[in-house]
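Take a look at the structure below.
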Amino acid sequence: QVQLVESGGGLVQAGGSLRLSCTASGRTLSIYAMGWFRQAPGKEREFVAAISWSGGSTTYADSVKGRFTISRTNAKNTVYLQMNSLKTEDTAVYYCAAGSTTDRLSRSLCDHWGQGTQVIVSS
């Protein structure tokens, strides 16, 4: 079993940056593709970004392309989401997830989920 714990959320002004981290325990992350999702108040959870197990392939939602960067360090069992040029519409709870491929993650077909970390972007 894999336990995923997110950190790094908080309150930031529009235009600012945050870096989220997701650390795994219980099993190595290196065999999984990893992804980030978010859920804003009153909305469904949506895909944000995914990265292959090797880190060689990434995919992003159109709404975050050019602003967010997903990366991973398998030696530390950690995946990151660097968020720049934040907008108020980025306000949401952000979730980390593990799955077999980036394609499946992009379709929300995940094997493991974290508990989420809140990001609030103020105007």
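The values are calculated or read from the model by the stated rules, or taken from the named source; none is laboratory data. Note that this is a predicted model, so its numbers are computed, not measured. Cβ sites come from the backbone with ideal geometry, for glycine too, and all protein chains shown count toward neighbours. Calculation scope for accessible area: heavy atoms of the full protein, side chains included, ligands and nucleic acids excluded. Shrake-Rupley method; radii C 1.70, N 1.55, O 1.52, S 1.80 Å.
Just a few scattered comments:
- Positive contributions from Lys and Arg (+1) and negative ones from Asp and Glu (-1), summed over other residues with Cβ under 15 Å from the Cβ of residue 113, come out at +1.
- Counting only residues at least eight positions apart within a chain, or on another chain, the lysines with an alpha carbon under 21 Å from that of residue 43 are 65, 87.
- Heavy-atom accessible surface of the chain: percent carbon and sulfur, 1.4 Å: 46 percent
- 1.4 Å probe accessible area per residue over the chain, in Å²: 49 Å²
- Cα gyration tensor shape for segment 38-102, rounded if a/c is under 1.5, else prolate or oblate: prolate
- Taking a ≥ b ≥ c as the square roots of the eigenvalues of the Cα gyration tensor, an a/c ratio of 1.5 or more together with a/b larger than b/c marks the chain as prolate.
- Each of the peptides 88-97, 29-38, 108-117, 10-19 was scored by the mean count of other Cβ atoms within 10 Å over its residues; in descending order, highest first, they stand as 29-38, 88-97, 108-117, 10-19.
- Amide hydrogen neighbours beyond the local backbone of residue 48, cut-off 5 Å, H modeled: 36, 37, 38
- At a Cβ-Cβ separation cutoff of 4.7 angstrom, cysteine residues of the chain with no neighbouring cysteine are 110.
- Using θ = phi - 60° and Karplus 6.51 cos²θ - 1.76 cosθ + 1.60, couplings along segment 89-99 (whole Hz; Gly, Pro as x): 6, 7, 4, 4, 8, 9, 10, 9, 8, 10, x
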